[in-house]
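Here's the structure we're looking at; comments come further down.
The values are calculated or read from the model by the stated rules, or taken from the named source; none is laboratory data. Computed from a prediction, not measured in an experiment: that's the story for all the values here. Backbone-built Cβ (ideal geometry, glycine too); neighbour counts: all protein chains shown. The accessibility values were calculated without ligands, DNA or RNA, using every heavy atom of the protein model including side chains. Shrake-Rupley method; radii C 1.70, N 1.55, O 1.52, S 1.80 Å.
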Amino acid sequence: MASQVKFHSFVEALAEKKHTLGADTIKAALTNTAPTASTNTVLADITQISSGGGYTTGGNTCSVSTSAQTSGVYKLVLSSPTAWTASGGGFGPFRYVVFYNDTATSDELISYVDYGSSITVASGTFTVTLDGSAGVLTIT
(Lines give C-alpha, C1' and ligand atoms only; values in the text may rest on other atoms or scores of the structure.)
Protein backbone atom coordinates (compact mmCIF):
# COMPACT_ATOMS: atom_id res chain seq x y z
CA MET A 1 0.00 0.00 0.00
CA ALA A 2 1.17 3.54 -0.71
CA SER A 3 2.33 5.67 2.20
CA GLN A 4 -0.09 7.73 4.25
CA VAL A 5 -0.30 11.50 3.84
CA LYS A 6 -1.06 13.35 7.09
CA PHE A 7 -3.62 16.16 7.05
CA HIS A 8 -1.94 19.33 8.36
CA SER A 9 -4.86 20.06 10.70
CA PHE A 10 -4.25 16.76 12.49
CA VAL A 11 -1.26 18.24 14.32
CA GLU A 12 -3.34 21.10 15.72
CA ALA A 13 -6.21 18.76 16.59
CA LEU A 14 -3.79 16.64 18.63
CA ALA A 15 -2.51 19.70 20.48
CA GLU A 16 -6.08 20.83 21.21
CA LYS A 17 -7.10 17.43 22.66
CA LYS A 18 -9.55 16.48 19.91
CA HIS A 19 -8.06 12.99 19.65
CA THR A 20 -7.60 10.16 22.12
CA LEU A 21 -6.25 7.81 19.50
CA GLY A 22 -5.99 4.73 21.69
CA ALA A 23 -9.70 4.88 22.56
CA ASP A 24 -11.45 6.78 19.75
CA THR A 25 -13.20 5.16 16.79
CA ILE A 26 -11.08 5.57 13.65
CA LYS A 27 -12.78 4.97 10.31
CA ALA A 28 -11.75 4.67 6.67
CA ALA A 29 -13.88 6.36 3.99
CA LEU A 30 -13.56 6.23 0.19
CA THR A 31 -13.36 9.16 -2.23
CA ASN A 32 -12.43 9.72 -5.86
CA THR A 33 -11.69 13.41 -5.28
CA ALA A 34 -8.12 14.22 -4.27
CA PRO A 35 -7.95 15.33 -0.62
CA THR A 36 -5.97 18.49 0.13
CA ALA A 37 -3.67 17.89 3.09
CA SER A 38 -3.18 21.61 3.73
CA THR A 39 -6.84 22.70 3.82
CA ASN A 40 -9.15 19.70 4.48
CA THR A 41 -9.80 19.38 8.22
CA VAL A 42 -13.01 17.38 8.79
CA LEU A 43 -14.86 14.56 7.00
CA ALA A 44 -17.41 17.05 5.63
CA ASP A 45 -14.56 18.50 3.51
CA ILE A 46 -14.24 15.15 1.70
CA THR A 47 -16.51 14.15 -1.20
CA GLN A 48 -17.16 10.49 -0.48
CA ILE A 49 -18.33 8.08 -3.13
CA SER A 50 -22.08 7.48 -3.19
CA SER A 51 -23.57 5.08 -0.70
CA GLY A 52 -24.74 1.82 -2.24
CA GLY A 53 -23.45 -1.20 -4.07
CA GLY A 54 -21.56 -2.34 -0.97
CA TYR A 55 -20.32 1.03 0.32
CA THR A 56 -21.97 2.96 3.14
CA THR A 57 -21.24 6.66 3.53
CA GLY A 58 -18.95 7.15 6.51
CA GLY A 59 -16.85 4.10 5.73
CA ASN A 60 -15.73 1.20 7.90
CA THR A 61 -14.14 1.06 11.35
CA CYS A 62 -10.45 0.32 11.91
CA SER A 63 -9.86 -1.24 15.33
CA VAL A 64 -6.90 -0.02 17.35
CA SER A 65 -4.34 -2.83 17.65
CA THR A 66 -1.82 -0.83 19.70
CA SER A 67 -1.45 2.75 20.82
CA ALA A 68 1.74 3.19 22.78
CA GLN A 69 5.07 4.97 23.10
CA THR A 70 8.50 3.45 23.49
CA SER A 71 11.55 5.60 24.23
CA GLY A 72 9.62 8.76 23.38
CA VAL A 73 8.24 7.50 20.05
CA TYR A 74 4.45 7.02 19.83
CA LYS A 75 3.02 4.56 17.32
CA LEU A 76 -0.61 3.92 16.39
CA VAL A 77 -1.29 0.54 14.79
CA LEU A 78 -4.76 -0.07 13.37
CA SER A 79 -6.23 -3.30 12.08
CA SER A 80 -7.45 -3.17 8.51
CA PRO A 81 -11.10 -2.12 8.27
CA THR A 82 -13.68 -4.73 7.33
CA ALA A 83 -13.53 -5.31 3.59
CA TRP A 84 -16.17 -3.68 1.42
CA THR A 85 -18.11 -6.31 -0.55
CA ALA A 86 -19.70 -5.33 -3.85
CA SER A 87 -23.41 -5.94 -4.26
CA GLY A 88 -26.06 -4.90 -6.76
CA GLY A 89 -23.63 -3.56 -9.36
CA GLY A 90 -20.74 -2.66 -7.07
CA PHE A 91 -19.25 0.61 -5.91
CA GLY A 92 -16.72 3.21 -6.99
CA PRO A 93 -14.81 4.58 -8.61
CA PHE A 94 -12.53 5.73 -5.80
CA ARG A 95 -8.82 6.42 -5.59
CA TYR A 96 -8.29 7.58 -2.02
CA VAL A 97 -8.91 6.03 1.40
CA VAL A 98 -9.33 8.72 4.06
CA PHE A 99 -8.81 7.98 7.76
CA TYR A 100 -10.72 10.10 10.26
CA ASN A 101 -11.72 10.18 13.92
CA ASP A 102 -15.42 9.30 14.15
CA THR A 103 -15.45 9.95 17.91
CA ALA A 104 -14.26 13.55 17.58
CA THR A 105 -17.09 16.08 17.45
CA SER A 106 -16.46 17.15 13.84
CA ASP A 107 -15.00 13.89 12.48
CA GLU A 108 -11.48 15.36 12.29
CA LEU A 109 -9.27 14.02 9.50
CA ILE A 110 -6.06 12.12 10.21
CA SER A 111 -4.51 10.95 6.94
CA TYR A 112 -5.19 9.46 3.53
CA VAL A 113 -3.73 6.97 1.08
CA ASP A 114 -3.60 7.49 -2.70
CA TYR A 115 -3.93 4.24 -4.68
CA GLY A 116 -2.57 5.94 -7.81
CA SER A 117 -5.59 5.35 -10.04
CA SER A 118 -9.32 4.97 -9.67
CA ILE A 119 -10.72 1.61 -8.56
CA THR A 120 -14.21 0.26 -9.23
CA VAL A 121 -15.35 -2.89 -7.45
CA ALA A 122 -18.02 -4.54 -9.60
CA SER A 123 -17.87 -7.86 -7.75
CA GLY A 124 -15.89 -9.35 -4.90
CA THR A 125 -14.30 -7.29 -2.15
CA PHE A 126 -11.90 -4.43 -1.59
CA THR A 127 -9.66 -4.56 1.47
CA VAL A 128 -7.40 -1.83 2.79
CA THR A 129 -4.28 -3.58 4.08
CA LEU A 130 -2.63 -1.67 6.90
CA ASP A 131 0.93 -2.21 8.13
CA GLY A 132 0.69 -4.09 11.42
CA SER A 133 4.33 -3.37 12.21
CA ALA A 134 5.05 0.22 11.15
CA GLY A 135 1.53 1.40 12.01
CA VAL A 136 -0.40 4.23 10.40
CA LEU A 137 1.04 7.00 12.56
CA THR A 138 4.34 7.60 14.33
CA ILE A 139 5.09 10.67 16.42
CA THR A 140 8.68 11.34 17.41
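For region 83-140, list the strands (runs of 3 or more DSSP E) that sit wholly inside it and hold at least 2 residues that are open to solvent by less than 40 Å² (accessible area, probe 1.4 Å); which are they?
Output list reads 91-101, 109-121.
Please tell me if Thr66 is under 14 Å from the mean Cα position of the chain (by Cα) and either of a type in the set (S, T, N, Q) or under 16 Å from Gly135 (Cα atoms) (or both).
no
Could you check how many residues of region 35-60 are surrounded by fewer than 13 Cβ atoms within 10 Å (Cβ to Cβ) and touching a residue at least 60 places away in the same chain (Cβ under 8 Å)?
Counting residues in region 35-60 that are surrounded by fewer than 13 Cβ atoms within 10 Å (Cβ to Cβ) and touching a residue at least 60 places away in the same chain (Cβ under 8 Å) gives 1.
Within region 101-119, is even one residue more than 20 Å from His8 (Cβ to Cβ) and of a type in the set (A, V, I, L, M, F, W, C)?
yes
Which pairs turn up if I take residues in region 1-24 that are within 19 Å of Asp131 (Cα to Cα) and at pLDDT below 95 and look for partners that are among the charged types (D, E, K, R) and surrounded by fewer than 17 Cβ atoms within 10 Å (Cβ to Cβ) with beta carbon separation below 6 Å, at least 6 apart in sequence or on another chain?
From region 1-24, the pairs are Ala2/Asp114.
Here's the yes/no breakdown for (1) farther than 22 Å from Ser87 by Cβ; (2) in a loop (DSSP other than H, G, I, E, B):
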site: Glu12; (1), (2): yes, no
site: Lys17; (1), (2): yes, yes
site: Asp24; (1), (2): yes, yes
site: Ala28; (1), (2): no, no
site: Ala34; (1), (2): yes, yes
site: Thr39; (1), (2): yes, yes
site: Ser50; (1), (2): no, yes
site: Gly58; (1), (2): no, yes
site: Ser67; (1), (2): yes, no
